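One structure is given below, encoded as structure tokens.
Derivation of every value follows stated rules applied to the coordinates shown; laboratory data play no part. All figures in this text were calculated on a predicted structure; none of them were measured in a lab. Glycine also receives a Cβ, built like all others from the backbone with ideal geometry; neighbour counts cover every protein chain displayed.
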Amino acid sequence: MTYNIEDVRTADLRRSDHPRLQRAAARIQHLAPDVLLVNEMTYDQPGAPDYEAGAPEGQNAQRFVDHYLSTPQADTLEGLSYHPVMLPVNTGLPSGFDLNNDGRVVSTVPDVPAPPDSGSVAPQTDAGRAYGNDAWGFGVFPGQYGMALFVREGLTVLRDSIRTFRKLQWHDMPTAAVPLDSTSFTPWYSPDEWAEMRLSSKSHWDVPVQLPNGAVLHVLASHPTPPGFDDVARRNAHRNHDEIQFWVDYLSGAPYIEDDSGRAGGLHAGASFVVMGDLNADPEESSSYRDAIRALIGHGRVAGNVVPTARPARQDEYPKLDPDDTARWQARVDYVLPSTNLIVDEAAVWRPDPARVPEVPVSDHFPVWMDVRVEP
């Protein structure tokens, strides 16, 4: 299951009574996924709000387990035990460059407003946006909008075989969609910037998970930048395209691919996998740049014909949404894409009863889940 819970921060996870997280945990306990990817959970590290100097980094996923997922959120629910995986991301890391070409380099983390007690998402400020637009990936502080993977007890994360591609440089992709200024038709990024610019706005992970029958399932997790909120060069749209194109290339064994440890090559032939996450692209909407999401869905190793949809009752209660829309803003952007060698039993987009949604919703995204069988 993949679920974008929308800007979960360290202060939220230090609490055990955060309203949005209690409701999110209840939904997760109701659906009880064996493998869960959460997008937009802060990777706690130096420079981030509420990080305690000298403390281990990346503990927020464990806090979510300890304070929410392991505790029943209703009498009818049971707590869940997970092994979390939380790794560094590019969001909110200062680049030292003027990446948005506004004439100044912003490298100092601004004052960040505290999350409201109500549980609603903390507001952004002009200073925060100025900082985020010069970071390697947009974030108003280091680690914002990170990712966390949760694997149920009984399954084994093969941690020594995890591959990450956080530092892969954009120019290494031979078919890179280079952003151009739409008035001068010159590259948006200077040569020095382009030489250092990272492809991934957060990170790309290949996390192998071993099942009790001995089979290994590769979780290919990412959260490409939204194809908007940018400038005349549409640099976010170009980057979104290429962040998705990376998975197409990874499944095809493109020779340019090299992970953060220096290991080259894509995913080996015959591997079982799921591509998961908020990919911020709808194959039927024009806001996405070019056709990377269509290429991924149509890849020969992907069972793209399996499309999770909302149950009929919930579809009737959300008349403005298509059955496969995963976000309240009328788009399919969250994906669980299985490999063709998996057996898919069932898949759906889970939508809450709109009559029971409180004033502060959990997220502007819905959980997307899929039941698959992995042969040994």
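Here region 156-167 is the region considered, the condition is being out of contact with any helix residue (DSSP H, G or I) (no Cβ under 8 Å at 6 or more places or on another chain) and assigned to a loop (DSSP other than H, G, I, E, B), and the residue that is surrounded by the most Cβ atoms within 10 Å (Cβ to Cβ) is R166. I'm trying to understand the selection: among the residues of region 1-30, which are closer than 17 Å to G277 by Cα and in contact with a Pro (Cβ under 8 Å, 6 or more places away or on another chain)? If the condition is that a residue be closer than 17 Å to G277 by Cα and in contact with a Pro (Cβ under 8 Å, 6 or more places away or on another chain), then M1, T2, Y3, I28 are the ones that fit.
Name every residue in region 306-336 that is of a type in the set (F, W, Y) and in contact with a strand residue (DSSP E or B) (Cβ under 8 Å, 6 or more places away or on another chain), in order of residue number. If the condition is that a residue be of a type in the set (F, W, Y) and in contact with a strand residue (DSSP E or B) (Cβ under 8 Å, 6 or more places away or on another chain), then Y318, Y335 are the ones that fit. Taking each residue of region 155-166 that is over 17 Å from L36 (Cβ atoms) and looking for partners that are in a strand (DSSP E or B) with beta-carbon atoms closer than 6 Å, six or more apart or interchain, yields L158/P208; L158/Q210; S161/P208; R163/D206; T164/W205; F165/H204. Scanning region 255-273 for residues that are in contact (Cβ under 8 Å) with a residue 24 or more places away in the chain, at negative phi and out of contact with any Pro (no Cβ under 8 Å at 6 or more places or on another chain) gives I257, E258, D259, D260, S261, R263, L267, A271, S272.
For G128, the stated conditions hold: it is crowded, with 19+ Cβ neighbours inside 10 Å, of a type outside the set (F, W, Y) and without any contact (Cβ under 8 Å) to a residue 24 or more places away in the chain. Scanning region 1-36 for residues that are among the polar types (S, T, N, Q) and more than 17 Å from V219 (Cβ to Cβ) turns up T10, S16, Q22, Q29. Put simply, of Y3, Y51 the only residue that is of a type in the set (S, T, Y), part of a loop (DSSP other than H, G, I, E, B) and in contact (Cβ under 8 Å) with a residue 40 or more places away in the chain is Y51. Going through region 99-112 one residue at a time, which ones are touching a residue at least 40 places away in the same chain (Cβ under 8 Å) and more than 19 Å from Q45 (Cα to Cα)? Matches in region 99-112: L99, N100, N101. Is it fair to say D231 is within 29 Å of G128 (Cβ to Cβ) and crowded, with 20+ Cβ neighbours inside 10 Å? So D231 fails the test. For region 86-113, residues that are surrounded by fewer than 19 Cβ atoms within 10 Å (Cβ to Cβ) and in a strand (DSSP E or B) total 1. Residue count for region 272-293, restricted to those that are crowded, with 17+ Cβ neighbours inside 10 Å and either among the small types (G, A, S) or in a helix (DSSP H, G or I) (or both): 6.
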